[in-house]
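We did not get these values from a lab; they are worked out from the coordinates using the rules stated. In this text, all values refer to a predicted model and were calculated from it rather than measured experimentally. All Cβ positions, glycine included, derive from the backbone under ideal geometry; neighbour counts span all protein chains shown.
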Number of protein chains: 2
Amino acid sequence: MTRSKVSPDGRIPDRDVAAKLVIIMVGLPARGKSYITKKIQRYLSWQQHNTRIFNVGNRRRIAAGVIPSSSSSPRGRSPPASQHRHSLLNPNAHADAPVQEAASILLNGTHTAQIEEPTTFDLNGTTESSDSQEQQRRMDQSAKFFDPKNETASKIREQVALETLDELIDYLLHGNGSVGVLDATNSTLHRRQLLVDRIKEREPKLGVLFIESICNDENLLEANMRLKLSGPDYKNKDPVKSLEDFKARVKAYESAYEPIGEYEEKHDLQYIQIIDVGRKIVHHRLRGFLASGIASYLTTFNLSPRQIWITRHGQSLDNVAGKLGGDSDLTERGHYYGMALYNFITAKRKEWVVEQETKIARASFPPQPGDHTPPYPEFNQDLEEKNFCVWTSMLKRSVETAEYFEADDDYDVKAWEMLNELNAGTFEGMTYEEIATKHPDEYEKRQHDKLQYIYPGVGGEGYLQVINRLRDMVREVERVADHVLIISHRSVCRVLMAYFMDLTRQDIADLDVPLGMLFAIHPKPYGIEFHAYRYNEPQGWFDEVRDYKPQKTQDRNS
Amino acid sequence: MTRSKVSPDGRIPDRDVAAKLVIIMVGLPARGKSYITKKIQRYLSWQQHNTRIFNVGNRRRIAAGVIPSSSSSPRGRSPPASQHRHSLLNPNAHADAPVQEAASILLNGTHTAQIEEPTTFDLNGTTESSDSQEQQRRMDQSAKFFDPKNETASKIREQVALETLDELIDYLLHGNGSVGVLDATNSTLHRRQLLVDRIKEREPKLGVLFIESICNDENLLEANMRLKLSGPDYKNKDPVKSLEDFKARVKAYESAYEPIGEYEEKHDLQYIQIIDVGRKIVHHRLRGFLASGIASYLTTFNLSPRQIWITRHGQSLDNVAGKLGGDSDLTERGHYYGMALYNFITAKRKEWVVEQETKIARASFPPQPGDHTPPYPEFNQDLEEKNFCVWTSMLKRSVETAEYFEADDDYDVKAWEMLNELNAGTFEGMTYEEIATKHPDEYEKRQHDKLQYIYPGVGGEGYLQVINRLRDMVREVERVADHVLIISHRSVCRVLMAYFMDLTRQDIADLDVPLGMLFAIHPKPYGIEFHAYRYNEPQGWFDEVRDYKPQKTQDRNS
């Protein structure tokens, strides 16, 4: 995290247009574009860069009357194109009205922790799942609409693309956006030229980055196409017929598809090409820290089925005394927590192998409605031999919680500096009561803005610093194909959860993560499946918390 | 930096063969392979991974009798192939004798701070520059030797390549090596298969990474070829004839060149392809943290001419009191240092533009002997408008030293957490005398091994932690094309200098970096040009220290 004259909080300042970025996605349908788009948005938002996805498909559906233009997102984030539709008539109409910040999910409570819906064609993942079949029928969304020879349709699509781009540029120039992602196929040179010309016309300083997703692997492609069957265009329809129609739609695009290459290279355009989900990656002419950060992040993807577990250490002596930070040992209860954690995780690890094998055995062709098991044969190898990493901080209470894993050769235990608790500077070892009494100003400052607050003294940190130092941790978690259990501390768990659950800036520092909570994250091709467990101390076991929702902590000091 | 059961210091443990890596370079001559190779070695060594380059060209010259096999490197690091030659008859002969660690440059004092020699065909950059022309003549090194149809020569080259590879594998399996780089053209599929087969035969768990450098840009190629004229094969010969011969040699390779591609992709081999010095980069199938770390690092290259300046803050109140760490303000003398620094850098910045413009105007064709000005026209644009970044830590004494830059809009001042001084944990604010009196054990531990020592208490760091947190800083310095001035602290300057000057592990923590020293680093296509300046307080200016050599500090506490 860096601060400077123009950017005291390390974010891209509004006046620095040259640092802002338009990302233009490129690729045929079912190439995982929206998957990539959403990961980028989640990652950049977490790194405190205001980022929004602008989905051309959504606007197309609105144009075709599938989605009523008054519909609004129940999630509060990334409102669908329709909400700003009036601005298209006069792109600068609300130049002074900054785009509204994402609403706090802790306040409106509509966040769905368990994201089960494939959302590839959808901006919010929630808007269209409630659409009635009545609405679906209103649009001719069969393969014919996507035939490049269908000139009327082609013009509509071009118009829609440019309108969506205008909205994106408004967000960067007149909203408080740093990155806008144009999510569409953009599969012809003509279209891409049109987009670049429009951007240059409106603000030549804006950065432009193409990200193309290519899929040559037949298995991957088949898997991606199956995912579409439960998407907005095919939901609840005959899966075999739908798959046929979808394949015809892709064929229509394919006939006109011009991959990124010579033209872009000759014109020195920045691009990232992702082939077969990161098996091969091409970077061209990347400039600026945002583009290179995105490139680094995109190299870490893997689709291996696995589990990521996050919890805090067991109870420590300082926990009992209510002291901040420090480096105390576990209490006896803390050691018991370590044992229960070991037993529970070991059982869950075995269960997982059985589940995966059953799923693979059950995968059917032709696909059944609701069949969510894409056949990624490569990633399903060696399920039993999958490595299990246990990562602690370098502080005693974290290391000691992993003692039972340490004793078992089937776990790989490692201590990381990055996972250390937020450093409370000169307040280390004090209680909140002491701080309130001795340093009322500091106490008040922290209460007022916990996210921006930095503890005084050498080494003192704030949440922004923790977010910054966990960037490499998140990349490492994304990179390895192994299971991972992270045993860390409150602020670190909050920041990691913020990444995985896509929490808004306002929510990070207030997320309730008490001792004894254990979170499980299952990365899926269509998003993240999420489970929460609570420590059952008398039984030395964990109980699942059904329908867990992230909550605001009740402890005003924590 | 991470520690674990098997690796308390975060390095790749000897037993973990699967984490070790053989890097096989691929590419025609004059594609910057050795430049890349040396940067990788410097970077990985700095990150505490034992890394060594094995140059097939050197062994070829020995085989052809150009280099006497008893010659040894004056630099003490990376001994030429000849030193281990006997081991080739019996690769396991000295299995128990670990390869000797690089000797300390501070002790033997032979380090040449100003690396002026192009070293592209050379392992040490120093070995052959002293070779007499007598020796040069002994080898038939004209283009004929490199003709793929010359079967005798072809066999010799294959044999030499395998012997060099064996030596590399010995280094990984029986020495303490983590990464070995095979520096040669390896330009045919046949040769690369041969190498992979030999590696798999000796130890199937070893990682293999191909790095190919491709150059399509005619200007770059011409520039690279000119650099060869002062290399070992052509030194002091007629430049025009040499260039012709060299071009013929490259043609001979070209006729048989098979770039990395389908074959490697079909066989799931890891590779990185670098096209036109990073204009375009391809990653394929990268696995493991070493390969992905190298890939990240390689994306940051740029050949923009520019200056990188490193200095410490001006005198602080705590400096006067002899206290460790802390966050005190500058003294009056410290503020004057900031002013002198601003005046001097501003003058140097102007001088630099004039120098560059003169150089460009003087570049001649046909090239003159010693002509070191490769025509990279693209990088020489906008010399005057080049941005100038001033980066401080977040501590007051660093920020205050930049106050005059802050007031000038022609400088871009930014404060970075990463640049903060090594955190002395519970010893922050104490003097070394106090530590020696109150904590004699800790004082002794630090004296015994300053590199590994970690200050006690929450947040306490050691040099290894600082090296780790500066990894991103070094990547950022390498990435930006701007001038950079870093105003930081003793340990941070030591670690940064260790990277740029390729200091050995033993020397980092003892490097003499007193207040008032100012270092200038000019990245060049053939290495680094280095200058040192000392603050002249009465004159408010800086004097150049000619022939500066890194020195061991005389202050046993510092």
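For the peptides B:479-486, A:179-186, A:439-446, the ranking by packing is A:179-186, B:479-486, A:439-446, with the highest mean count of neighbouring Cβ atoms within 10 Å listed first.
Between copies, the label points of B:Glu158, set 7 Å from Cα on the Cα→Cβ line, lie 5.9 nm apart, reported in increasing order to one decimal in nanometres. Measuring from the axis that superposes chain A on chain B, report the chain A residue with the minimal C-beta distance, rounded to whole Å. Closest Cβ to the A-to-B rotation axis, residue and whole-Å distance: A:Gly459, 2. Near A:Ile486: Cβ cut-off under 11 Å, other residues only, Lys/Arg at +1 and Asp/Glu at -1. The net charge is +1.
If R0 is 41 Å, the Cβ-Cβ spacing of B:Arg202 and A:Tyr548 corresponds to a FRET efficiency of close to 0.20. Under a 5 Å amide H cut-off, with hydrogens placed 1.01 Å from N, B:Ile211 pairs with B:Ile24, B:Met25, B:Val26, B:Ile272 among residues at least 5 apart or on other chains. Exposure proxy shown here: for A:Met430, A:Met339, the number of other Cβ atoms within 10 Å sets the order, fewest to most, as A:Met339, A:Met430. Residues whose amide H lies under 5 Å from that of A:Phe54, counting only those 5 or more places away or on a different chain, are A:Val181, A:Leu182, A:Asp183; hydrogens are built 1.01 Å from N in the peptide plane.
Can you bin segment A:198-320 into rounded, prolate or oblate? Criterion: square roots of the alpha carbon gyration tensor eigenvalues sorted a ≥ b ≥ c, rounded for a/c under 1.5, prolate for a/b above b/c, oblate for the rest. Judged from the Cα gyration tensor, segment A:198-320 comes out oblate (a/c at least 1.5, b/c at or above a/b). Among beta bridges from DSSP that stay inside segment B:308-544, the antiparallel ones total about 60%.
Model label points for A:Asp16 and A:Asp238, set 7 angstrom from Cα along the Cα-to-Cβ axis, are 5.7 nm apart. Just to confirm a number: summing +1 for Lys and Arg and -1 for Asp and Glu over residues other than B:Lys438 whose beta-carbon lies under 15 angstrom from that of B:Lys438, what do you get? Local charge sum for B:Lys438: -3. Converting phi to 3J(HN,Hα) with the Karplus coefficients 6.51, -1.76 and 1.60 and the offset θ = phi - 60°, segment A:454-467 yields 10, 4, x, x, 4, x, x, 10, x, 4, 4, 5, 5, 4 Hz in sequence order, with x at every glycine or proline. Look at the Cα gyration tensor of segment A:405-538: its axes a ≥ b ≥ c give a/c of at least 1.5 with a/b over b/c, and that counts as prolate. Couplings for segment A:392-407, taken from phi via the Karplus curve 6.51 cos²θ - 1.76 cosθ + 1.60 with θ = phi - 60°, read 10, 7, 9, 8, 4, 4, 7, 4, 5, 5, 8, 4, 6, 5, 4, 7 Hz in order; Gly and Pro are left as x. Taken one residue at a time, the phi angles of segment B:476-488 give Karplus couplings (6.51, -1.76, 1.60, θ = phi - 60°) of 5, 4, 5, 6, 6, 9, 7, 5, 9, 10, 9, 10, 9 Hz. Gly and Pro are set to x. Backbone amide hydrogens, once placed in the peptide plane, bring A:Glu529 within less than 5 Å of A:His522, A:Lys524, excluding anything fewer than 5 places away on its chain. The mean number of Cβ atoms from other chains found within 10 Å of a Cβ in peptide A:283-293 is 4, as a whole number. Across peptide B:413-425, the mean count of Cβ atoms from other chains lying within 10 Å of each residue's own Cβ comes to 4.
When a/c reaches 1.5 or more, the comparison of a/b and b/c decides; with that in mind, is segment A:308-544 rounded, prolate or oblate per its Cα gyration tensor? Prolate is the answer for segment A:308-544, as a/c is 1.5 or above and a/b outweighs b/c.
Annotation for A:Lys200, label-to-label distances across the other copies: 4.9 nm (shortest first, one decimal, point 7 Å from Cα along Cα→Cβ).
Applying 1/(1 + (r/R0)^6) with r as the Cβ-Cβ distance of B:Thr152 and B:Asp512 and R0 = 60 angstrom yields a FRET efficiency of 0.65. For A:Asn557, the distances from its label point to the matching points in the remaining copies are 3.9 nm, ordered from shortest, with each point set 7 Å beyond Cα toward Cβ. For the peptides B:294-304, A:240-250, residues were scored by their other Cβ atoms within 10 Å and the scores averaged per peptide; the highest-first order is B:294-304, A:240-250.
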